[in-house]
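Contents: one structure, followed by commentary.
Readers should treat all values here as calculations from the given coordinates under stated rules, not as data from a laboratory. Predicted model only: the values in this text are computed from it and were never measured. Positions of Cβ are generated from backbone atoms using ideal geometry, with glycine treated the same way; all protein chains shown enter the neighbour counts.
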Amino acid sequence: MDSSATPFSTSPDVPDTTGRDSRSILHMDLDTFFVSVERRMDTRLEGRPILIGGTGDRGVVASCSYEARSFGVHSGMAMKMARRMCPEAIVIRGNSAAYSKQSELVTSIVREAVPVCEKSSIDEFYADLTGMDRFFGCWQFSRELRERVIRETGLPISLGLSTSKTVAKVATGEAKPNNARNVSRGTERHFLGPLSVRKIPMVGAETYRTLRNLGISTIQTLQNMPVELIEQVLGKQGRAIWRKAQGLDDAPVVAYNERKSISTERTFAKDTTDGEKLHAIMLAMVENLAFQLRRGDKLSACITVKVRYADFSTKSMQRRIPYTAADHQLVPVAKDLLDQLIQKRVRIRLIGVRYSHLVGGGCQINLFDDTEERVKLYQAMDRIRLQYGDRSVVRAAGLEARTIGRSNPFNGGPPPLLAHRHQ
């Protein structure tokens, strides 16, 4: 059954959010998305513990069903350990193409129905329904939208409705599985109070440990702490977390735009037909942009390669791909597109690459094929790049491209390291 929070009065020491101009923010999250898609394709999986990810012992769990979670399994765990903890589980190698297709179907339904839609990840959406109460109750509208998604896709989805993105997201988490929660104006602090501080977006494992060391385990305790103390301990992030604990979050719903992208290109000082050089530079650009995706917690579903010839004519080719931010998945696609664009005996003056159809979501979509070693390798390389610059660690094949990147690659640090070639 749908549930809503019980009204309370707001605390006098916290800004009142009961004004008529308060927003109505909807958050929707597809429950155990990968598992739900698999069950939709094979109903025999209903009610069974399921692990999705790399099927070998060195693979990583990308997603798991609630039945598997009851054994202590969680996303990001080594598959070998997960299988040991839940020996009855059915292990499925992920199907990125199927998940991307279902995500796009849900996206089209939500975008068509709401005034402003933000797709924050492959399975998560925000919508700004502010002002719709005059024409159609936001709570009723939200429930009917949820029912429409379930009816047209067969996928379970939970939602939260409140006055901010933070409270709406937390409400969705409390509504799961496959339910809805309404936190009305003026009740935000009281709704959040009893919950663990781990429920606050922005509070990761390290921040959680710091708060626990201060004796803060519930949001209510954090609400009653002086903001200056939290800021002193956690810096500027502390003030933002404290505000979220009060139910205060002015972050807007940013309209989702399929065409948003990141790109880079390279113009040569001298036109060239050197295929080896072209491929090396393309590899370096793909690798660098993939790092930009991961740094921004983004995934791409489309890659475009552009070539400008000596006569200034320009051609480009693009290909839709399952959502990813992994070099080893992007490089072969870019290489294939470049091969199709390179014409023998025709000199080239510029090449470029663009990733588009971006959504949030980090790298979990790539874990279906990845081993623990590969995941750790990406994390290690990205840590080095964050400290020493975008080009501080590169594949040997991409050393030709010394000017790729958006920042000084050395910053006075060590020379580039050669990354293990895991194409």
- Item | Efficiency of FRET between K236 and A310 - r from beta-carbon atoms, R0 60 angstrom, step 0.05 | 0.75
- Task: Return the subset of K260/K306; K169/K236; K119/K298; K306/K335; K101/K165 for which the Cα-Cα distance in this structure is over 20 Å, preserving the input order.
- Result: K169/K236; K101/K165
- Going highest first, how would you order 33-39, 210-216 by mean Cβ packing within 10 Å? 33-39, 210-216
- Label point 7 Å beyond Cα of T55 along Cβ direction - residues of region 71-103 with amide nitrogen under 14 Å: 90-96
- Taking the Cβ of T210 as the center, what net charge do the other residues with Cβ under 14 Å away carry, scoring Lys and Arg +1 and Asp and Glu -1? +1
- Message: For I92, what residues show an amide H to amide H distance below 5 Å, using hydrogens built from the backbone and excluding near sequence neighbours?
- Response: L51, I52, G53
- Extension gain A205-D133, at 0.36 nm per residue separation less the Cα-Cα distance, in nm? 22.1 nm
- Cross-link partners among lysines for K80, C-alpha distance below 17 Å, same-chain residues fewer than 8 apart left out? K376
- Item | Projected-area mean, region 136-228, by convex hull of Cα positions, square nanometres | 7.2
- Message: Order 295-303, 311-319 from most to least packed using the mean count of other Cβ atoms within 10 Å.
- Response: 295-303, 311-319
- How much length is gained if the chain between Q220 and R295 is pulled fully straight, taking 0.36 nm per residue apart and subtracting their Cα-Cα distance, in nm to one decimal? 23.8 nm
- Query: Antiparallel DSSP bridges in region 116-242: what percent, to the nearest 5?
  - Reply: 65
- Note on the structure: Here region 185-201 yields Karplus 3J(HN,Hα) values (6.51, -1.76, 1.60; θ = phi - 60°; whole Hz; Gly and Pro given as x) of 4, x, 10, 4, 5, 6, 5, 6, x, x, 7, 5, 4, 5, 6, 6, x
